[in-house]
Amino acid sequence: MYEGIVQELIDEFGRLPGIGPKSAQRIAFHIVQTETFDVAHLAELLTIVRDKVHFCVICGNVAEQETCSICRDPRRDLSLICVVEEAKDVVAIERTREFRGRYHVLGGAISPIDGIGPDDLRIRQLMQRLADDTVTEVIIATDPNLEGEATATYLSRLLSPLGMRITRLASGLPVGGDLEYADEVTLGRAFEGRTVVK
């Protein structure tokens with residue numbers, strides 16, 4: 001424990017997701033010890049982000065305008081929607097440069113333990129987007145964990161009567177991984193999703 005404001009700064013960084021006590025302490029001391037660190041610019045950016053960044057009214061992705069750049073892009077395939085849990089998942093998929101459709105961000109995953117049900121997610125908005133028959137395929141790209149699987153199952157049951165193609169991202173062994181370190185579920189999925197070698 002440190003005195004006063006230094007501890008407050010550490011505590012504040014520690015509230016951020018993915019930042020543990022040690023990381024929070026390192027960040028705080030970097031700011032304190034590095035004279036060239038532009039604290040005023042960081043504070044200004046945080047204020048601007050709070051004021052200007054919100055969620056796209058169409059897909060739920062982060063945006064500085066009413067709609068995000070992906071939803072405004074006329075080159076995107078309107079017949080494909082990839083459903084993801086969070087806006088950060090959009091960035092991960094975009095990095096692959098494999099998907100040219102549009103996205104729908106749910107804002108989380110079904111998790112009864114955490115009190116998150118289907119009504120807490122942007123599922124109603126998804127159904128509204130699918131109502132005009134423009135979309136021919138929905139790709140469910142939720143996380144391959146218990147909550148993501150529950151969400152994917154719920155969505156596939158909800159969407160199947162609509163008569164469109166519903167797909168789920170494949171899961172299995174990571175490139176560069178070793179079989180001996182793979183858990184049973186991952187290895188099982190790799191067997192289920194195996195492909196023919198020509």
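Values quoted throughout were computed directly from the atomic coordinates according to the rules given, and no laboratory measurement underlies them. Quick caveat: nothing in here was measured; it's all calculated off a predicted structure. Because the Cβ atoms are built from the backbone with ideal geometry, glycine has one as well, and the counts that use them run over all protein chains shown.
Data overview
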| item | result |
| --- | --- |
| Max mean-square fluctuation residue, GNM over the chain, Cα-Cα springs under 10 Å, options Lys88, Lys22, Lys52 | Lys22 |
| Within the chain: Cβ-based charge dipole about Cα centre, in debye rounded to nearest 20 (Lys, Arg +1; Asp, Glu -1) | 900 debye |
| Candidates Leu106, Leu16, Leu45: whichever shows maximal mean-square fluctuation once the chain is modelled as a Gaussian network with Cα springs under 10 Å | Leu16 |
| Shape call, region 4-52: gyration tensor on alpha carbons, a/c limit 1.5 | oblate |
| About the Cα centre, charge dipole magnitude for region 33-138 (Lys/Arg +1, Asp/Glu -1 at Cβ), debye | 340 debye |
| Gaussian network model of the chain, Cα within-10 Å springs - most flexible of Arg15, Arg72, Arg95 | Arg15 |
| Structure-based [θ]222 nm, the chain - -39500 (n - 2.57) summed over DSSP H runs of at least 4, per residue, nearest 500 | -12500 deg cm²/dmol |
| Region 55-198 shape via C-alpha gyration tensor axes, a/c threshold 1.5 | prolate |
| Ala92 versus Val196: modelled label distance in nm, points set 7 Å from Cα along the beta carbon direction | 3.1 nm |
| Net charge of Cβ neighbours under 12 Å - reference Ile70; Lys, Arg +1; Asp, Glu -1 | +2 |
| Nearest-0.05 FRET efficiency for Val6 and Gln65, computed from C-beta distance (R0 41 Å) | 0.60 |
| Region 2-82: GluC sites (Glu not before Pro) in DSSP loop, at most 15 other beta carbons within 10 Å | Glu3, Glu35, Glu64, Glu66 |
| Contact order normalised by residue count of the chain, Cα under 8 Å, 6+ apart, percent | 13 percent |
